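Report on the structure given below.
The values are calculated or read from the model by the stated rules, or taken from the named source; none is laboratory data. Quantities reported herein were computed from a predicted structural model and do not represent experimental measurements. Note that each Cβ is placed from the backbone with ideal geometry, even for glycine, and that neighbours are counted across all protein chains shown.
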Amino acid sequence: MAEHPPYPVGLRLTGRRVVVLGGGQVAQRRLPALIKAGADVHLVSPEATPSVEAMADAGEITWRRRPYAEGDLADAWYALIATSDPDANTAASAEAEAHRVWCVRSDDADRATAWTPATGHSEGVTVAVLTTDARGRDPRHTAAVRDAVVEGLRDGTLVAPHFRTRTAGVALVGGGPGDPDLITVRGRRLLAEADVVIADRLGPRDLLAELPPHVEVIDAAKIPYGRYMAQEAINNALIEHAKQGRSVVRLKGGDPYVFGRGMEELHALTEAGIPCTVVPGISSSISVPGAAGIPVTHRGVAHEFTVVSGHVAPDDERSLVDWPSLAKLTGTLVILMGVDKIGRIAETLVAHGKSPDTPVALVQEGTTSSQRRVDATLATVAETVVAEDVKPPAVIVVGDVVAVGPDGTAA
């Protein structure tokens with residue numbers, strides 16, 4: 001058997017009996033995939049890890065709390081043998097052979113009738129990699145090949161064209177706070193498959209350079225108090241390109257629904273009958289403070305955090321923010337789009353009870369190579385912004401977490 005490579009096949013286990021012997025780390029790693037496959041999983045083991053026990057408590061598997069006994073593999077379609085008892089493993093393997101049950105052994109692959117491949121998934125495709133030479137099995141190399149293929153499919157560097165007609169439509173993709181590595185794998189894959197990309201200024205700009213030459217890139221930048229593409233024009237561009245049968249990605253900074261006007265775009269597309277996919281992104285409200293060493297919550301310091309828009313001042317009739325109530329909260333306040341209004345915001349918070357000494361941090365161009373952090377207090381933040389020439393985009397953090405150092409204590 002060792003002289004021949006294994007024959008790869010995909011098992012359809014929905015509703016079929018699968019027996020797992022041993023409730024340790026091997027079972028913990030393999031059980032989720034068996035459950036996802038719809039298998040009728042029976043675990044036989046006197047003990048189990050907390051995670052495996054939780055699967056049994058949730059009714060995802062049936063657990064018999066005892067050692068292996070002859071007959072446990074009766075009527076099984078597939079068996080995973082992973083106990084710490086070599087004699088039990090050998091006996092179970094013999095039973096599997098006698099009953100023609102495909103059997104994987106974690107302790108001795110040479111005595112198994114099946115091997116578990118290194119698997120990964122990418123948008124409807126399962127990649128399974130097996131070592132074909134039994135005399136030179138290298139699990140790390142096998143896993144590395146799997147990872148390289150899956151990562152290439154996800155980020156578009158490994159091109160696998162779709163030969164069936166793609167459905168035209170729009171994907172609202174949250175690009176994250178700016179670092180191109182912080183876009184989701186799904187967002188990056190959709191970007192690689194796009195015909196048209198309508199990009200915000202705050203999206204991960206470096207990813208645009210990776211797009212193929214045929215991809216049309218439309219600049220939808222909205223520069224504060226400067227040039228911008230009107231929202232109606234953006235909506236129309238999304239609709240028109242999708243109606244032409246193109247795959248369109250609306251690349252936005254952060255998350256599409258966190259002050260990103262994503263719902264407005266979704267409504268416009270829905271009214272036009274255009275299919276739309278929304279891909280969440282990492283919001284700058286939590287990622288940028290984290291990149292600057294600021295936890296938005298911390299045990300004993302802040303049990304809550306609130307994210308607000310500062311694009312209109314507290315005394316502006318258009319403001320929907322209850323600033324007096326925010327001043328009474330003891331947690332962290334994160335302000336987006338508030339650099340030019342921070343003076344009046346600070347005055348309002350102090351006027352309604354917030355201490356003037358409350359720490360404030362402004363993180364400009366967070367997660368990018370231009371990131372910088374400027375610290376102040378509510379009493380000094382207005383003059384600090386001017387003195388340090390802080391420019392948008394910047395995330396403003398107000399609260400005691402600003403003073404928490406790497407050792408977990410407040411400075």
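A few comments on the model shown:
- Residue check, residue 80 in a helix (DSSP H, G or I) and crowded, with 21+ Cβ neighbours inside 10 Å: no
- Candidates 381, 350, 312, 360 - the one that is in contact with a Gly (Cβ under 8 Å, 6 or more places away or on another chain) and farther than 26 Å from residue 181 by Cα: 381
- Some residue of the stretch 47-63 being within 28 Å of residue 131 (Cβ to Cβ) and aliphatic (A, V, I, L, M): yes
- One residue stands out in the stretch 347-358 among those that are assigned to a loop (DSSP other than H, G, I, E, B) and hydroxyl-bearing (Ser, Thr, Tyr): the one that is surrounded by the fewest Cβ atoms within 10 Å (Cβ to Cβ), namely 355.
- For the stretch 214-251, the candidate set comprises residues that are among the hydrophobic types (A, V, I, L, M, F, W, C), within 12 Å of residue 201 (Cα to Cα) and in a loop (DSSP other than H, G, I, E, B); within that set, the residue that is modelled with the highest pLDDT is 220.
- Which listed residue is more than 29 Å from the chain's Cα centre (by Cα), within 12 Å of residue 339 (Cα to Cα) and either touching a residue at least 12 places away in the same chain (Cβ under 8 Å) or part of a loop (DSSP other than H, G, I, E, B) (or both), from 382, 361: 382
- Identification of helices (runs of 4 or more DSSP H) wholly contained in the stretch 253-346 with 3 or more residues that are closer than 30 Å to residue 190 by Cβ and of a type in the set (Asp, Glu) yields 262-271.
- Taking the criterion of being among the acidic types (Asp, Glu) and assigned to a helix (DSSP H, G or I), the residues of the stretch 32-69 that qualify are 53, 57.
- Of all residues in the stretch 113-156, those satisfying the criterion of being surrounded by fewer than 18 Cβ atoms within 10 Å (Cβ to Cβ), modelled with pLDDT under 80 and in contact with a strand residue (DSSP E or B) (Cβ under 8 Å, 6 or more places away or on another chain) are 121, 139.
- Filtered by the rule that a residue be small (Gly, Ala, Ser) and within 17 Å of residue 33 (Cα to Cα), the stretch 88-122 gives 106, 114, 118, 120, 122.
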